[in-house]
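Contents: one structure, followed by commentary.
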Amino acid sequence: MKSKIVIIFSIFATSSQVIFSQSHAFAHQQSSKDIIIHVVGDVHGEKAIKREALPMLKKYFKSGDLNIFNLETAITDANVKEEKEYNFKTDLAFLKALKEIGFNVATVANNHSYDYGLPGFMDTLQSLKAAEISYVGGGKNSESAYHGRVYKVRGMRIGVLGFAKVNGGPDSIAKKDKPGITDGYDARSTESAITHLRELSDVLIILAHWGEEGSFCTRNFETASAKKWLSLGADIIVGSHTHTVQPITLEKNKLVAYSLGNFIFYSSKIENRTTGILKIRISPEKKISYNLIPFTINNLTKVPERSFVTTPAVVDCENQAKTTVR
């Protein structure tokens, strides 16, 4: 069967500068006893991001017990960059703004948390602590990086791990006596982390930084990793890195969202501005359900006055081709 994903590109008439425009989402009934987890994609907080626009997001995270994001940047004043094409950094004030709108868990397992080397990475961990945002996927050594965290929510234990299959290079990987992030290619460490945290959790979530940048489709590489991690005990896997929204599957009470794309992230390409908040519900019986609340990132750009335009695009992942539906 061909794998397809429908992407909605939207242009909204407006005369003001904004970051997000929400599309309509399906209404889902939920019990007041359900645990609610929101997950979003890449957040970098570069200076182009207009922070006064962030409070409008607060209402979407109000119901969340855990509100999780991929911190795709360093939080630092350091100026010595790693040698790479893009280096991201922002400040503690941005983290505090994220905390204010409801975010409480971050993954640092990605290819930008080490953009300013070890000093920048250590600043990032300290800043997360100062902002009272918990983090996974990195630490002061390999033991803490792979350890993950367990959050107790109304009697249920929610375990969270972060793995980077796309990282900032060998220097960014945590060692026995060196700070850094997890290595998603290290099968021994990742599998040990999963089996260990599985024993301590009622529901286990893995945040994965992986995939082909710019692609709407998954590769055998990611699907094989997901299958392995699910077999070891993961219940939910949510990916990032591609800057695009990729397929979401829910089979046998196992949820995999291969990539949620960008979220608070400046992008020059319209296909990278389609995003959403993944809202996951876990019932007291541990039944998992979800819906994706879709958004469009408007890049703080003043959109000309005109009618609302929607262009659905169907991505044929079997042939890696994109065609427009007429």
Answer yes or no: is there a residue in the range 192-199 that is over 25 Å from Phe103 (Cα atoms), in contact with a helix residue (DSSP H, G or I) (Cβ under 8 Å, 6 or more places away or on another chain), of a type in the set (S, T, N, Q) and not in a loop (DSSP other than H, G, I, E, B).
yes
Among all residue pairs at least 6 apart or on different chains, which show Cβ distances below 7 Å where the first residue, located in the range 219-237, is closer than 21 Å to Val150 by Cβ and the second is of a type in the set (Phe, Trp, Tyr) and crowded, with 16+ Cβ neighbours inside 10 Å?
Ile237/Trp229
Can you name the number of the only condition in (1) surrounded by 18 or more Cβ atoms within 10 Å (Cβ to Cβ); (2) at pLDDT 75 or above that Ser283 fails?
(1)
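Look through the range 245-286, keep the residues that are of a type in the set (Ser, Thr, Tyr) and in contact (Cβ under 8 Å) with a residue 60 or more places away in the chain, and return whichever of them is farthest from Ser32 (Cα to Cα).
Going through the qualifying residues, I end up with Tyr266.
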Going through the range 173-199 one residue at a time, which ones are closer than 15 Å to Trp210 by Cβ and not aliphatic (A, V, I, L, M)?
Thr182, Asp183, Gly184, Tyr185, Asp186, Thr190
Anything in the range 219-270 that is part of a loop (DSSP other than H, G, I, E, B) and within 20 Å of Tyr290 (Cα to Cα)? List them, or say none.
Gly233, Ala234, Asp235, Thr244, Gln246, Pro247, Lys252, Asn253, Tyr258, Ser259, Gly261
I'd like the full set of residues that are among the charged types (D, E, K, R) and within 22 Å of Lys96 (Cα to Cα), limited to the range 65-84.
Asp65, Glu72, Asp77
Just to confirm my filter: which strands (runs of 3 or more DSSP E) fall fully inside the range 1-96 and include at least 1 residues that are under 22 Å from Leu207 (Cα atoms) and at pLDDT below 65?
4-11
Qualifying positions in the range 67-87 - surrounded by fewer than 20 Cβ atoms within 10 Å (Cβ to Cβ) and either closer than 30 Å to Arg154 by Cβ or hydrophobic (A, V, I, L, M, F, W, C) (or both):
Ala78, Val80
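Considering every residue within the range 302-320, establish whether at least one is part of a strand (DSSP E or B), of a type outside the set (Ser, Thr, Tyr), at pLDDT 70 or above and touching a strand residue (DSSP E or B) at 6+ places or on another chain (Cβ under 9 Å). Spell out the reasoning first.
Of the residues in the range 302-320, the ones part of a strand (DSSP E or B) are 309-316.
In the following step, the residues that additionally are of a type outside the set (Ser, Thr, Tyr) were identified as 309, 312-316.
Applying the additional criterion that residues be at pLDDT 70 or above yields none.
Scanning the range 302-320, I find no residue that is part of a strand (DSSP E or B), of a type outside the set (Ser, Thr, Tyr), at pLDDT 70 or above and touching a strand residue (DSSP E or B) at 6+ places or on another chain (Cβ under 9 Å), so the answer is no.
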Could you list, in sequence order, all residues of the range 203-243 that are β-branched (Val, Ile, Thr) and surrounded by fewer than 18 Cβ atoms within 10 Å (Cβ to Cβ)?
Thr223
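The values are calculated or read from the model by the stated rules, or taken from the named source; none is laboratory data. Owing to the predicted nature of the structure, the values given are computational and were not obtained by experimental measurement. Cβ coordinates were reconstructed from backbone atoms using ideal geometry, including for glycine residues, and neighbour counts include every protein chain displayed.
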